[in-house]
Structures are given as structure tokens and as C-alpha cells.
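Colleague: Can you keep this structure in mind? I'll have questions shortly.
The values are calculated or read from the model by the stated rules, or taken from the named source; none is laboratory data. Please read all numbers here as calculations on a predicted model, not as lab measurements. Don't worry about glycine lacking a Cβ; one is built from the backbone with ideal geometry, like all the others, and counts go over all protein chains shown.
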Amino acid sequence: MKTPPTRPTDDAAFTSVDWSLFVAISLIWGSSFLLIAMGLEGLTPAMVTLLRVASGAATLGVLRVVGRSRSTSIRPADRGRVVALSFVWVAVPFTLFPLAQEHINSAMTGLLNGATPIFVAIVAAIITGRAPRGVVLLGLIVGFVGVVVLSLPSIGDGGSELRGVLMVVGATICYGVAMNLATPLQRRYGAVTLMTPILALATVWLLPLGLWDWGDNRWRAPTVVPVLVLGVVGTGLAYWIMATLVGRTGPVRASFITYLIPVVSLVLGVVVRDDRIAPIALVGAVLTTFGAVLASGRLRFGSIDGVGPEPVVEPAGLVEHRRQVG
């Protein structure tokens, strides 16, 4: 899969094409939780996950064939890590999100997912043995306070909603581990080459779970189509779009979509599904996003699919999240 060349500088004004890509990827990833909610109206959580991952894997496979990708295949020494990523990056968190949305709405899920950079930084500090300091430490503290405040209405509920919150937090912790594991592989192989086998393997792991309660699914277009869109566009094409955006605008500015995703999720949930969010939860969402910005504000970003300069990462792993938000 070829990627557009990088501009000579990353400070050129956005063109109409740049803005279109930026808005598109923000809407694609921000609408993920809305599409999951629509799928759950007729499909089981396990089937939502299976359809999403399988259609995403098929889409990336087609992209590689159409693009006549000549990228190096995964080295034997890296295959164990790819298998691990198929679980911790895809199979487990992609299963947890639909399960969580049986207890909390799509807007709340998207806001909680905004804490992902916080967990990426924490896992990075554990792996490297380097305690965060200064602005990064402040960001982690503010972010944690934000997660607690965001969860307060559910904690007060003490039942179903709390289970949903804990599932989303578990999924974001998985992302924190995955981003750190994926960083060196991302640099070596690029987004499309790396994600294709990861999604394919995850499809295999998820197949028995998805088929277990086949009879409980209601196969109607209003529920199946949103999940297929989530898989084909949000779990397949989105990686290529993001790589294209990075190639045109530079990785730093492209990564700002990280902080738009919870906003898009909130707006779509409230407008389309009439989701209700407690005012105190909105305060928590602001704190979480601000903490994430602080925790990742000292990074210098690298490239997707070989685009741009070599990355200098502090802390390790967060750069991967900023490249591969979805």
C-alpha cells in the first residue's frame, strides 16, 4: 500500500482536501460508539464484534491487493507480538465495548474512551521503569481525576451502569498495553501491513463466540448495516485515511483528532439517540481530555507507513495511540 509523500514542512496551511480528511477521520472514529449502539438493537454484542472485525480485516486485505502492497511480511521474531496484539488490541477491547453499551449509552462510552492516552502513558512508564514527571505527571493526575468525576453518576447508581463503566475502563487499559507493544512494529511495517494480520487473527478468535448465540440475532438492515459500516470504514478504510492525512499535514497536527473523538461521540449520541449525560460527567470529560493533552504534550511524533521523520517518544507508546486512534 503506497502512502502519499510527506510535505516539505508540517506548517503549511490546510487545504480543502486536508480538512476533508481531518473531518472524515474524526467523524468515522467518533461515530463508532453510535454505530455499535445501532447494531445492538438487533445483534448480540459478540456478533457486533465479529462482524466489525471480520469486515475490517477483509477491507484491509482488499486495500493491500488493490494497492499492490510490496511491504515486507511480518518477521518470525515479531509474530508472537502480533498474536498478542490480536487479543489485547482487538479481540478483548472490541468485545468489551458492545457489552458495556448494554449498560451505558454511546455518548458516555465515547467520553470514557477519551482516557485512553492516560493509560497509554501509565503502561509506558511501567514498561520503561521511568516515572512520569512535570507536565506529564500533572496530566496523569488531572486525567485520573477526570475519569473519577466522569464515572461518579454511574458509581452512585451502583449497579448496571457501573459495570458498563468498568468494562470501558478495561478496554482502554487494553489499548494502553497494545499501543506500547505495537510501537516498534508500527515503525517497521506500517499501519495497513500490521493491522491486516492482527484483524484476521482476531476474527478467528472471535468466531466461536460470535456463533455461539447465532439464534439470538435479528438480521435486519437497520442493525446489520451500521456494524458493516463500522467494520469496512471505521476498522478498515480509516487506517488508510489516517495514513494519508499524516502524509499530507504531518503527524503532529493529524494527531489532534484524538481529542475530537469524544466530542463527536457526545454530539452524535445526544442528537441521534437522545443520550443523557449528567452535567458532572461533562466536567469529568473536560478534565480527562485536558489531562490527556498534558500527558502527551511533550511528544515529538513520527510517521505512519514510513511517512515523516523518525519518532522521538516520551513516554514510549503514546505516539502509537496518536497515530492509530481507532
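Colleague: Show the residue pairs that are 6+ apart or on different chains and have beta-carbon atoms under 6 Å apart, the first residue being within the stretch 270-298 and assigned to a loop (DSSP other than H, G, I, E, B), the second being at pLDDT 85 or above.
Modeller: Pairs found: Asp275/Asn105; Asp275/Ala107; Asp275/Gly269; Ile277/Ala107.
Colleague: It is to be established whether one or more residues within the stretch 141-163 are in contact with a helix residue (DSSP H, G or I) (Cβ under 9 Å, 6 or more places away or on another chain), surrounded by 21 or more Cβ atoms within 10 Å (Cβ to Cβ) and not in a helix (DSSP H, G or I).
Modeller: No: the stretch 141-163 contains no residue that is in contact with a helix residue (DSSP H, G or I) (Cβ under 9 Å, 6 or more places away or on another chain), surrounded by 21 or more Cβ atoms within 10 Å (Cβ to Cβ) and not in a helix (DSSP H, G or I).
Colleague: Residues of the stretch 30-61 being small (Gly, Ala, Ser), buried (at least 24 other Cβ atoms within 10 Å of the Cβ) and assigned to a loop (DSSP other than H, G, I, E, B), which ones?
Modeller: Residue satisfying the conditions is Ser31 alone.
Colleague: Among all residue pairs at least 6 apart or on different chains, which show Cβ distances below 8 Å where the first residue, located in the stretch 124-140, is farther than 18 Å from Ile173 by Cα and the second is surrounded by fewer than 14 Cβ atoms within 10 Å (Cβ to Cβ) and aromatic (Phe, Trp, Tyr)?
Modeller: none
A quick yes/no check of all residues on (1) touching a Gly at 6+ places or on another chain (Cβ under 7 Å); (2) of a type in the set (Phe, Trp, Tyr); (3) modelled with pLDDT of 95 or more; (4) under 11 Å from Cys174 (Cβ atoms):
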{"site": "Ser69", "(1), (2), (3), (4)": "no, no, no, no"}
{"site": "Ser73", "(1), (2), (3), (4)": "no, no, no, no"}
{"site": "Ala77", "(1), (2), (3), (4)": "no, no, no, no"}
{"site": "Leu85", "(1), (2), (3), (4)": "no, no, no, yes"}
{"site": "Val90", "(1), (2), (3), (4)": "no, no, no, yes"}
{"site": "Ser106", "(1), (2), (3), (4)": "yes, no, no, no"}
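Colleague: Among the candidates Ala124, Ala178, single out the residue that is assigned to a helix (DSSP H, G or I), of a type in the set (Gly, Ala, Ser) and under 15 Å from the mean Cα position of the chain (by Cα). Walk me through how you get there before you give the answer.
Modeller: Working: Ala124 fails: under 15 Å from the mean Cα position of the chain (by Cα).
None of the others qualify; the one that does is Ala178.
Per-residue answers, yes or no, for (1) among the β-branched types (Val, Ile, Thr); (2) in contact (Cβ under 8 Å) with a residue 24 or more places away in the chain:
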| residue | (1), (2) |
| --- | --- |
| Trp29 | no, yes |
| Leu34 | no, yes |
| Leu40 | no, yes |
| Leu43 | no, yes |
| Gly56 | no, yes |
| Arg64 | no, yes |
| Ala77 | no, no |
| Val83 | yes, yes |
| Ala91 | no, yes |
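Colleague: With respect to Ala202, is the statement that it is part of a helix (DSSP H, G or I), modelled with pLDDT of 85 or more, within 25 Å of Met108 (Cα to Cα) and of a type in the set (A, V, I, L, M) true? I'd like the intermediate steps shown before the answer.
Modeller: Values: part of a helix (DSSP H, G or I): yes; modelled with pLDDT of 85 or more: yes; within 25 Å of Met108 (Cα to Cα): no; of a type in the set (A, V, I, L, M): yes.
In short, no.
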